[in-house]
Amino acid sequence: MVLRKSLADLSYPRVRVLDVSAAEPLIAAHGLVKRFGDFTAVAGIDVDVRAGEAFGFLGPNGAGKSSTMRMIGCVSAPSGGTLRILGMDPVRDGPAIRARLGVCPQQDSLDQDITVRENLTVYARYFGISRRQARQRADELLEFVQLTERANDKVEPLSGGMKRRLTIARALVNDPAIVLLDEPTTGLDPQARHLVWERLFQLKQRGVTLVLTTHYMDEAEQLCDRLVVMDGGRIGAEGSPRQLIERYATREVVELRFSDATLDSYLGKLEGIGERLELLPDRILLYADDGDLAVAAVHERQLRPSSVLVRRSTLEDVFLHLTGRTLVD
Amino acid sequence: MVTLVLPRLAARAEQRFQRAAAVTGRNVTAARHFGYWWVLVSGFFEPVLYLLSIGVGVGALIKSFTLPDGRVIPYAAFVAPAMLAASAMNGALAETTMNFFGKMKYLRLYDGVLATPVKPFEIALGELMWALVRGSIYSVAFLGLMVAMGLTSAGWALVALPATVIVGLAFGGMGMAIATYVRSWQDFDYIMVVQFALFLFSGTFAPAGSYPLVMQIVVQLTPLYHGVELLRGLTTGVLGWGLLGHTAYLIAFASIGLAIASRRMAVLLYK
Amino acid sequence: MAHPTYAVFEHQLVSYRRVWRGSVLSSFLLPVLFLLAMGLTVGGYVDRGGGLGVRYLDFIAPGLLASTALQVAAGEATWPVHAGFVWHRMYHGMRATPVRIPDMVRGHIMYILLRVALSAVGFLVVMALFGAVHSAWAPAALPVAVLVGLATAAPIFAYSATISTDGMFAVLFRFAVVPMTLFAGVFFPVDSLPLAARALAYVSPLWHGVELTRAATLGTPTAWGGWAHVSFLVMWSVAGYLLAVHRFSRRLAD
Ligand SMILES: Nc1ncnc2c1ncn2[C@@H]1O[C@H](COP(=O)(O)OP(=O)(O)OP(=O)(O)O)[C@@H](O)[C@H]1O
Ligand SMILES: [Mg+2]
């Protein structure tokens, strides 16, 4: 009940919030750097996240996504650059900012000693929410993430997907303006992933600003209005999923596999078909706006691939183009 | 000016306290679960068992017990306040070393808490308050037992209770500071040895005055000695200016511990 | 190929190499500190009374030796066993090999007995240095210590395999291990206990161990005769072992 009401509250001033965002984004990072000793995990990134948008960091392991998220969550001090969140300084105003953030860290940090429901009520108290309100809020959120039946169970026996949903519910307990989600669905089965996506989508619809990291293309395409591709602590490209695909890939891709000889011997033979070729350990990707035409051209040259697949290009292709590497190993 | 600043300071202090209380509240919630409750209850028995074994059992072998100042008291009345102090120490250290370390490193409990407006100092304070709540329950029960056994009077027991909180505070603050330096569970072996040595050699079972001279000096530097002397003075009703000195020592010890702990926690947790 | 029991034993030894420093402290230094605190300082007051017939230090030293065996056995048969089921799930790993459940229990207990024996040797040497050894039978205290280790480790194994949270170890220590240490004749003769408490002391494995050890280092007779005490300890060992194997099978069945 309260959840619905508060969400209505959130969606009502949305137009106004968007006006304000023109003046100052909710999150503004310029030349943001994070160093651990000599090692630079985040090497000067510029990011602006506007109110009501779903913003994604896409990148492989070690790209610096979590390091960035921890700085935005005000639990890790930037080593350089400027960072402002909700118009405040994360180092000085940490508590005030955190009061309005919801955080779903990469690794669940649920309290194993207490029940599912108590995890929410206890957490709410850290935000100064009254006991009565905390209980009410917990029940609504359990409903929201479909854990009502497990309310009085301990956390440990929950499945990975349930724990993840509980962590997400916990991140919403203070009715945050911004929700930070570090790899919200990694390790979940497809069904659990879809449930989480659906819930995040609902949040987005209600005007909550989402910032998430992922190394799943489909997740980024599903959820993000805008994203940056990160690798080695730097941002390689920025835009909406569609824009990025248009800019860094063709409309379609042909995946060719050959059973004989080494793949690179085919590179020369395929030269000139489509716009660009990409060699992977097990296949060759052929980028072309019309995949079927390209396949015809391949056959014309008397090449006999063992399998041919024509598909629409995705963020995976964007990433491959930008870094020369595949994203998920 | 003052009228403006004071309410603001008070409001900030209240907010701090509320956040610390939320950390304490988490422990109360956890304590309500069945297994934990047993652990809490069983904690009361340890000092009682020591009192009965050493104070009464061994006490029966001691025909007459004369303190260095010439007073003669039952051996059990001598040992009881020491067990009270030791139990305040053990209770505070159990919560603030092992449990605190486990919550920080293994359960990663505070990673979640730090994402909220709660600050490291408030976490430290909240955990310390919990340790004191738990320790005070034990102290009340133990003092009750002492009164029942005729080892102190009800009046002195009431006076001794706040003193046990000070002892708990001293060890709780330092325990937390130490826990932030612990690398793995194996390190607790060392902490335990030190704790046990304090337990045995703080004028606990024999007057510190009967130790060899070098040891007397060392013992007087350690906190449990001051806790034992303070509580012994109060429960046997022998007052002196020295008790103020013991109290001051313990409070200083607590403040230093708490200051180190919150600074170290910020370093460890805000990576 | 080595016997699976021995393989389990060896596995434990490998982990011991990483933690031996801390364990030397707790399994050797603690009893020595106890001996100093009680024997020397409190001993001064007790000896003035003279009710025991021997120096107080000589009286408690053998008691502490037996109780050291209990402490080491209890320490090693609790958290490490729980860890094997819950934290690093070593036993589950072993079950996927030809190792049988009795092998797990025996191999692990063998390792604990080795630890007990090492601590006992150390403590006996310290006793000799303090002049607390008064009989040529003193070396017999070592097998007694090992037997006490077995008679306590085995039933505690069963307990550890039964409980679900490690918090319950605090309960075991406070309601069994500590009371035994304090009331089973280590610090004062059990005769002065009220009847019910004395009966509990008689049932406890530690009291029998204390009697045997004291006889060995002081050359005095035991309360019930040597073989009675030994039989009692063997009974605890066998019953504990059978129960432990049973509880292990139950725990690893699901
Ligand atoms: N506390 C730390 N101390 C030292 N190095 C760190 C620390 N945290 C992260 N790093 C390093 O910084 C780099 C970026 O790590 P980060 O966790 O931000 O990557 P990520 O993009 O989140 O990767 P993943 O997809 O694996 O979660 C890595 O090389 C990592 O080893
Ligand atoms: Mg990460």
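The numbers here are math on the coordinates, done by the rules we state, and not lab data. No experiment lies behind these values; they were computed from the predicted model shown. Every residue, glycine as well, gets a Cβ built from its backbone with ideal geometry; the counts of neighbours run over all protein chains shown.
So here's what we get for this one:
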item: Modelled FRET efficiency - R0 60 Å, B:LEU244 with A:ASN152, Cβ distances, 0.05 increments; result: 0.75
item: Dipole of segment B:2-270, positive direction: furthest Cα of B:ALA76, B:GLY43, B:VAL267, with charges on the beta-carbon; result: B:VAL267
item: Helix C:141-162 axis, angle to chain C major axis (alpha carbon atoms, nearest 10°); result: 40
item: Degrees between helix A:190-205 axis and first principal axis of chain A (Cα, 0 to 90, nearest 10); result: 60
item: Projected area averaged over orientations for segment C:50-167, convex hull of C-alpha atoms, nm²; result: 9.1
item: Net charge contributed by nearby residues that have their C-beta within less than 14 Å of C:THR78 (K/R +1, D/E -1); result: +1
item: Additional length obtainable on full extension of the chain from B:GLN18 to B:ARG183, 0.36 nm per residue less Cα span; result: 56.3 nm
item: 13 Å beta-carbon shell around A:ALA134, net charge (K/R +1, D/E -1); result: +4
item: Sorted by Cβ density within 10 Å, fewest first, the residues C:SER231, A:SER259; result: A:SER259, C:SER231
item: Simple Cβ-charge dipole of segment C:4-253, Lys/Arg +1 and Asp/Glu -1, about Cα centre, in debye nearest 20; result: 640
item: Approximate spin-label separation A:ARG35-C:MET235, in nm, with each point projected 7 Å along Cα-to-Cβ; result: 7.3
item: Residue-averaged 222 nm ellipticity for the protein assembly as shown, from DSSP H runs of 4+ at -39500 (n - 2.57), nearest 500; result: -18500 deg cm²/dmol
item: Rounded tilt (10° steps) of A:116-126 against the dominant C-alpha axis of chain A; result: 70
item: For A:LEU309, A:LEU212, order by how many other beta-carbon atoms lie within 10 Å, fewest first; result: A:LEU309, A:LEU212
item: Residue mean of other protein chain beta carbons inside 10 Å, C:165-173; result: 5
item: Residue-count net charge about C:LEU114 - beta-carbon cut-off 12 Å; Lys, Arg +1, Asp, Glu -1; result: -1
item: Gyration tensor (Cα) of the protein assembly as shown, equivalent ellipsoid semi-axes in angstrom; result: 62, 36, 21
item: Proxy reagent accessibility, fewest Cβ within 10 Å first, across B:LYS119, B:LYS105; result: B:LYS105, B:LYS119
item: Modelled FRET efficiency - R0 25 Å, A:LEU279 with C:ARG89, Cβ distances, 0.05 increments; result: 0.05
item: Isotropically averaged projected area of chain B, using the convex hull of Cα atoms (one quarter of hull area), nm²; result: 17.1
item: Dipole magnitude of the protein assembly as shown, debye to nearest 20 (Cβ charges: Lys/Arg +1, Asp/Glu -1, about Cα centre); result: 1720
item: Candidate lysines for bridging to A:LYS204, where Cα separation is under 20 Å - those fewer than 8 sequence places away on the same chain excluded; result: A:LYS5
item: Length released on extending from A:SER306 to A:ARG242, taking residue separation times 0.36 nm less the Cα-Cα span; result: 19.9 nm
item: Euclidean distance between Cα centres, segment B:256-271 to segment C:156-196, Å; result: 38
item: Efficiency of FRET from Cβ geometry, A:ASP218 and A:THR262, R₀ 30 Å, rounded to 0.05; result: 0.45
item: Neighbouring partner chain Cβ atoms per residue of A:253-259, average, 10 Å criterion; result: 0
item: Leading residue at positive end of dipole, segment A:150-256 (Cβ point charges), from A:LEU181, A:MET217, A:ALA151; result: A:ALA151
item: Extension reserve of the C:SER192-C:LEU118 stretch, reckoned as 0.36 nm per residue once the Cα distance is removed; result: 23.3 nm
item: Set of aspartates and glutamates near B:LYS63 by C-alpha distance (under 20 Å), chain-local residues within fewer than 8 positions excluded; result: C:ASP47, C:ASP58, C:ASP191
item: Computed Rg/Rh of segment C:4-253, alpha carbon atoms with Kirkwood Rh; result: 0.99
